[in-house]
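Asks: Before I ask anything, here is the structure I am working with.
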Amino acid sequence: MESLDEQNDSVSIEVKDSNHPDIWSIEGIARALRTHLGIAKPKAPILSGKSNLMVRVDRRLGPIRPFIATSIVRNVRPSENALKSWISLQEKMDLTYGRKRKRSSIGFYQADLIKSPLRYTVGNPDNTAFVPLGSTEKMTLRDIVEKHPKGIEYGGTISSFKEWPLLTDGEGKVLSLPPIINSNDLGKVNTDTKNILVEVTGTNATTVGNTLKIVVAALAERGGKIHSCNQTYADKGAKPVITPDLRSSFKELSVSYANRLLGSTFKPAEMIRALVRAGHPARQASKDILRVESLCYRIDIMHQVDLIEDLAIALDINKLDPEWPRIWTLGGLAPETERSETLAEVMIGLGYQELLTYSLTSPEVFIDRMDIEHENYAELLNPKMSTHTAMRSWLLPSILNLLKDNTHVDYPQKVFEIGPCILVRENGEGQTETRYKIAAVTIHTAAGFTEIRSCLDTLLASIGLQFQVVPTTQPSFLEGRTGEVMSGQKRIGVVGELHPKIIRAWGLSLPAAAFELEIPPTAVA
Amino acid sequence: MRENDVKVLRTLRDLGGTASVEEVARKTGLVDAAIARSSLTLSEQGMVKEQTTRTTEVFCTEEGHDYLANGLPERRVAVVVHDAGGKLSVSDAVEQAGLPLDFVSIVTGWIARKGWGKIEKTSSGNILAVSKNPPKDEDEEVLARIGQVSIPIEELPPNLKRAVDRLLKRNILASKERTQRKLEITPQGLNAIPAQASIDEVSSLTSEMILSGDWEKIRLRAYNVSSPVPSLNPGKYHPYLRFLRTVKRKLVTLGFKEAVGPLVETAFINDDCLYMPQDHPAREIHDLYYLKHPSKASLEPWKDIVEKVAETHQNGWKTGSAGWGYKYSREEASKLVLRSHGTALSVRSMISKGLQIPGKYFAIARCFRPELLDRTHLTEFNQAEGIVLDPSLSLRNLLGVLEMFAREVAGADKVRFKPDYFPFTEPSVELQAYKEGYGWMEFGGSGIFRPEVTEPLGIKVPVIAWGLGIDRLYMMHRQIQDIRQLFTTDLEWIRQQKVG
């Protein structure tokens, strides 16, 4: 519970469970509270009867939006508050469980205005037109998708197809363009509506069926009577599908398993009482086994562990005694970390300040401004900011990017960073490698090759690594003052004086020298 | 008294009590600005008086420099005449002295005026007669005295002053006005000079003094140990990384082994192995960074588990679960993403060959999510994550682990637990910690991995999984309000952060 407003007789509740849509409505929360507080026993929603409504499903919907489930809830006559609650349930379910209406979406209609059989079919975007909800003008399907606010928001779910889903009744009147919008004539529900048709369409049969159950169960909480409808799919040998399916599912729960997982010693009877409060009618089937009923709308119950969590919540987890695990294990840092720590220690001893910079940066920083050519780097598909579009392949640019903001700060500036870089393997299989590197920069009026080489030598001598520096050229560095660091035949890094054009490119004005190395394995035993 | 002040006082005393700033500078080796500063201090304290005098200084013109080197024209002509036997025609004399003919009247005029010779007018022209080499006169004395420098006119005796006037008129000398500052030591200043204790008061001890034993003979000048000194910038750990090191150390002492792993992962490792359905909202492009290049990686390294994970998503496989009930896509699984949560590293630990049971593993994981940077959001951030594996584990142990973290890592006074939801854990628990002055805070999420997570990976024991909001913990620890400060580019701030 988030807050309690006694004056307005209301409470706000935070619902974290994104797998628990049955409590995404006032009706659902009231139902859960009633059982939790012991005011009522959990009871499966009842199917009051069959309606005469038939739905014929067009096979052309196959690749577009193949599934539909419908039900008529009679005798509702909702209050303003009830309507508000249902609309909010519809929106929340379409958004989250329905994945922004892609996987499933809900529609409400005045059942009495609709003639059976419904046809769930496809319509030509330009030749089909109806008056969308809240409007007075007839619009073509394409106009709705391109101009109506709901069309603009959700049109992406269907716009790539040539023909779009369309729901019509026995007289050919349009009910809706799923999952975009209802018609203004049939799809407007108000406080005078006695009988409501609930319709769910979508791309996943289970999701569509589950959504319908949750919605009709919520309507039934206000006294509505649930009636089933019949869907006929055109596929060969397909049986009619009767919805909603209000049958409970049953799971066996092992008392000993539950006690082991909770670290508790509850007796079967205690567990049954707790399960009932959590909304699961249960009985003891054998000494260790409870037979637990999950009501049709409890779509979150996939496994025994889901029941065990409900059990723990019903019993209050704060009543469990925390206990540090009585197991003996040997702790330790990763070898990679140990190696980095050794290097950091020496660099700090040499007077260098450690830095932390983003590894997610942009080629503008780690390629263009360093005047190098380099194509194979890890680039994002969906960057959020132009300054964070790719993973860096080396560290030095990140350090210069920091130094450029510090030209007013006392020199000499001597800094280093140990951090991750991403290398893309050239084998074309898309494999990348996260490689930790170390880079150091010294910048001041007298910074130069000898100074940085001394640091490099000291660093590598400290870890006992044999190496050589051989002349090389690299456009970021000054020719004749740049060396490749070789360990045996392997190139492990570069050391040199930064090229004046690079220094200027970063808005710096003092001589600078740097090295960058792949983290070498520790040679000292 | 400052060292420079003493120097100035001593120098003034040694120079007889009064001296120009230039003289003091020459003697002390101090720059003018330093002397100016000292004299200001000293005059405020009444130890020195400043006098400003205006002087006229004279110096040679270009012509003057020529005569300085070669002699005045009248001298040169007189010498020629004398050397020629005492008589010569004026024009010949001027010519032989190397002077142009328009000098005739000037030269004859000066020789006559100075009384060095006579002009005899004859029918063949004017003859110049010089009977003896004239002695050096005042004009020449002044010229020699000035030489290459400037001297104040006031310093010259009256007769030479007259010579200067003449030479100025002849454009051989020029003059300029100059303001000169002089310092005069007062009796008070004299008294203030510290006694010269020994012959050698020195400022620095040398190796030679130490070895030779001379240190016994000298006296080291006392420093003002209270005065400010230049500041240094030592090499230090980055403040946030220092904090992460502390957290790592604590976890290691609690028996956790560190896990590391790649920042670029397949969606398979990042999400599928955690039983997050492939259309889960957290996998949309708004919540997860996908790679454009390279966009996919082979699932070959995971071929032993891909099938089981796929089955579990579809129908629960052998886990006893209903599964998510959708068609699993290997294509989707092979997409490359930037690691979006530290739990991906827990997956890495669980599928690693070296996994030990019982075992405790942790990771400080750099993670990425498509967020715009603001006071509370980073696009690249850290999570502390970990798992505990053992057949004996229960929810009570999960609470025990959380309680230990709250007390040891966050320094919390009290803890409480709330139910939570994650797709990959059940039961799931939120840790709330109470700290004096901060109140109750949400501190981390945790749970026991679902069998749908562990069983496809070949793990048959309960696995406790926990995550701590390590960035937020650091902000609380350092009273940082803006999360962007963790990756600040402000070197000054980084340098100023306290250690420990």
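The values are calculated or read from the model by the stated rules, or taken from the named source; none is laboratory data. Predicted, not measured: the structure shown is a model, and the values here were computed from it. Cβ placement follows ideal geometry from the backbone for every residue including glycine, while neighbour counts extend to all protein chains displayed. Ligands, DNA and RNA are stripped out before the accessible areas are found, and what is left, the full protein with its side chains, is counted by its heavy atoms. Shrake-Rupley method; radii C 1.70, N 1.55, O 1.52, S 1.80 Å.
Asks: Just one of A:Leu402, A:Leu423, A:Leu381 is over 12 Å from A:Phe366 (Cβ atoms) and open to solvent by less than 10 Å² (accessible area, probe 1.4 Å); which is it? Lay out the reasoning, then the answer.
Replies: Values: A:Leu423 fails: open to solvent by less than 10 Å² (accessible area, probe 1.4 Å); A:Leu381 fails: open to solvent by less than 10 Å² (accessible area, probe 1.4 Å).
Criteria check complete, one pass: A:Leu402.
Asks: Hey, any hits in the range A:180-192 for a residue that's surrounded by fewer than 17 Cβ atoms within 10 Å (Cβ to Cβ) and closer than 23 Å to A:Thr203 by Cβ? Let's see the steps before the verdict.
Replies: At the first step, the residues of the range A:180-192 found to be surrounded by fewer than 17 Cβ atoms within 10 Å (Cβ to Cβ) are A:185, A:188, A:190-192.
Now restrict to residues that are closer than 23 Å to A:Thr203 by Cβ: none.
The answer is no, given that none of the residues of the range A:180-192 is surrounded by fewer than 17 Cβ atoms within 10 Å (Cβ to Cβ) and closer than 23 Å to A:Thr203 by Cβ.
Asks: If we keep just the residues of the range B:445-478 that are in a loop (DSSP other than H, G, I, E, B) and facing chain A (nearest Cβ under 10 Å), which is least open to solvent (accessible area, probe 1.4 Å)?
Replies: Residues of the range B:445-478 that are in a loop (DSSP other than H, G, I, E, B), as a first pass: B:450, B:458-462, B:469.
With facing chain A (nearest Cβ under 10 Å) added as a condition, the list becomes B:450, B:462.
Details: B:Arg450: 7, B:Pro462: 31 Å².
Taking the candidates together, the pick is B:Arg450.
Asks: Does B:Gln481 qualify as being among the polar types (S, T, N, Q), out of contact with any Pro (no Cβ under 7 Å at 6 or more places or on another chain) and away from every other protein chain (no Cβ under 13 Å)?
Replies: Numbers: among the polar types (S, T, N, Q): yes; out of contact with any Pro (no Cβ under 7 Å at 6 or more places or on another chain): yes; away from every other protein chain (no Cβ under 13 Å): yes.
Judged against the criteria, B:Gln481 is a match.
Asks: Could you tell me whether any residue of the range B:258-265 is within 14 Å of chain A (Cβ to nearest Cβ) and part of a helix (DSSP H, G or I)? Explain how you work it out, then say what you get.
Replies: Narrowing the range B:258-265 to residues within 14 Å of chain A (Cβ to nearest Cβ): B:258-265.
Filter again for part of a helix (DSSP H, G or I), leaving none.
Checked against the condition, which is being within 14 Å of chain A (Cβ to nearest Cβ) and part of a helix (DSSP H, G or I), the range B:258-265 yields no hits at all.
Asks: Residue by residue through the range B:80-94, note down the ones that are assigned to a helix (DSSP H, G or I) and surrounded by fewer than 18 Cβ atoms within 10 Å (Cβ to Cβ).
Replies: B:Asp83, B:Ser91, B:Asp92
Asks: Anything in the range A:304-360 that is facing chain B (nearest Cβ under 7 Å), open to solvent by 30 Å² or more (accessible area, probe 1.4 Å), touching a strand residue (DSSP E or B) at 6+ places or on another chain (Cβ under 9 Å) and not polar (S, T, N, Q)? List them, or say none.
Replies: If the condition is that a residue be facing chain B (nearest Cβ under 7 Å), open to solvent by 30 Å² or more (accessible area, probe 1.4 Å), touching a strand residue (DSSP E or B) at 6+ places or on another chain (Cβ under 9 Å) and not polar (S, T, N, Q), then A:Ile313, A:Pro322, A:Leu330, A:Leu333, A:Glu336, A:Ile348, A:Leu350, A:Tyr358 are the ones that fit.
Asks: Does the range B:343-362 contain any residue that is part of a strand (DSSP E or B) and hydrophobic (A, V, I, L, M, F, W, C)?
Replies: At the first step, the residues of the range B:343-362 found to be part of a strand (DSSP E or B) are B:359-362.
Retained after the next criterion (residues that are hydrophobic (A, V, I, L, M, F, W, C)): B:362.
Yes: the range B:343-362 contains one or more residues that are part of a strand (DSSP E or B) and hydrophobic (A, V, I, L, M, F, W, C).
Asks: Let me ask you something else. Would a scan of the range A:57-73 turn up a residue that is of a type outside the set (Asp, Glu), surrounded by 13 or more Cβ atoms within 10 Å (Cβ to Cβ) and farther than 30 Å from A:Ile158 by Cα?
Replies: Within the range A:57-73, none of the residues are of a type outside the set (Asp, Glu), surrounded by 13 or more Cβ atoms within 10 Å (Cβ to Cβ) and farther than 30 Å from A:Ile158 by Cα.
Asks: Taking the residues in the range B:372-385 that are assigned to a strand (DSSP E or B) and either among the β-branched types (Val, Ile, Thr) or within 11 Å of chain A (Cβ to nearest Cβ) (or both) as candidates, determine which candidate is least open to solvent (accessible area, probe 1.4 Å).
Replies: Let us first name the residues in the range B:372-385 that are assigned to a strand (DSSP E or B), namely B:374, B:377, B:380-385.
Retained after the next criterion (residues that are either among the β-branched types (Val, Ile, Thr) or within 11 Å of chain A (Cβ to nearest Cβ) (or both)): B:377, B:380-382.
Values: B:His377: 70, B:Glu380: 0, B:Phe381: 28, B:Asn382: 16 Å².
The selected residue is B:Glu380.
Asks: When you check A:Glu14 against the structure, is it open to solvent by 80 Å² or more (accessible area, probe 1.4 Å) and not assigned by TED's automatic domain parsing to the domain that holds A:Ala82, yes or no?
Replies: Working: open to solvent by 80 Å² or more (accessible area, probe 1.4 Å): yes; not assigned by TED's automatic domain parsing to the domain that holds A:Ala82: yes.
Criteria met by A:Glu14.
Asks: Let me ask something else about it. Every residue in the range A:88-124 that is of a type outside the set (Val, Ile, Thr), within 13 Å of chain B (Cβ to nearest Cβ) and open to solvent by 20 Å² or more (accessible area, probe 1.4 Å), please.
Replies: Once the filter is applied, which keeps residues that are of a type outside the set (Val, Ile, Thr), within 13 Å of chain B (Cβ to nearest Cβ) and open to solvent by 20 Å² or more (accessible area, probe 1.4 Å), the range A:88-124 yields A:Lys92, A:Leu95, A:Tyr97, A:Arg99, A:Lys100, A:Arg101, A:Lys102, A:Arg103.
Asks: Sticking with this structure for a sec: List every residue pair whose Cβ atoms sit under 6 Å apart, with the two residues 6 or more apart in sequence or on different chains, where the first one lies in the range A:251-275 and is closer than 17 Å to A:Asp306 by Cβ and more than 13 Å from every other protein chain (Cβ to nearest Cβ) and the second, anywhere, is outside any helix (DSSP H, G or I) and among the charged types (D, E, K, R).
Replies: A:Val255/A:Asp288
Asks: Suppose the filter is charged (D, E, K, R), within 11 Å of chain A (Cβ to nearest Cβ) and open to solvent by 50 Å² or more (accessible area, probe 1.4 Å); does B:Lys248 pass it? Outline the logic, then answer.
Replies: Working: charged (D, E, K, R): yes; within 11 Å of chain A (Cβ to nearest Cβ): yes; open to solvent by 50 Å² or more (accessible area, probe 1.4 Å): no.
The answer is no for B:Lys248.
Asks: Out of B:Ala310, B:Ala333, report the one residue that is touching a residue at least 40 places away in the same chain (Cβ under 8 Å) and either farther than 15 Å from B:Leu274 by Cβ or out of contact with any Lys or Arg (no Cβ under 6 Å at 6 or more places or on another chain) (or both). Write out each step before concluding.
Replies: Numbers: B:Ala310 fails: touching a residue at least 40 places away in the same chain (Cβ under 8 Å).
Result of the check over B:Ala310, B:Ala333: B:Ala333.
Asks: Still on this model: Looking at B:Thr312, B:Thr319, which is the one that is buried (at least 18 other Cβ atoms within 10 Å of the Cβ) and more than 9 Å from chain A (Cβ to nearest Cβ)? Before you say what the answer is, go through the steps one by one.
Replies: Working: B:Thr319 fails: more than 9 Å from chain A (Cβ to nearest Cβ).
Residue meeting the stated conditions: B:Thr312.
Asks: On to the next question. Output the qualifying pairs, or none if there are none: Cβ atoms under 6 angstrom, residues six or more apart or on different chains, first residue in the range B:399-419 and assigned by TED's automatic domain parsing to the domain that holds B:Val388 and crowded, with 24+ Cβ neighbours inside 10 Å, second residue modelled with pLDDT of 90 or more and of a type in the set (Gly, Ala, Ser).
Replies: Between residues of the range B:399-419 that are assigned by TED's automatic domain parsing to the domain that holds B:Val388 and crowded, with 24+ Cβ neighbours inside 10 Å and residues that are modelled with pLDDT of 90 or more and of a type in the set (Gly, Ala, Ser), the close pairs are B:Leu402/B:Ser446.
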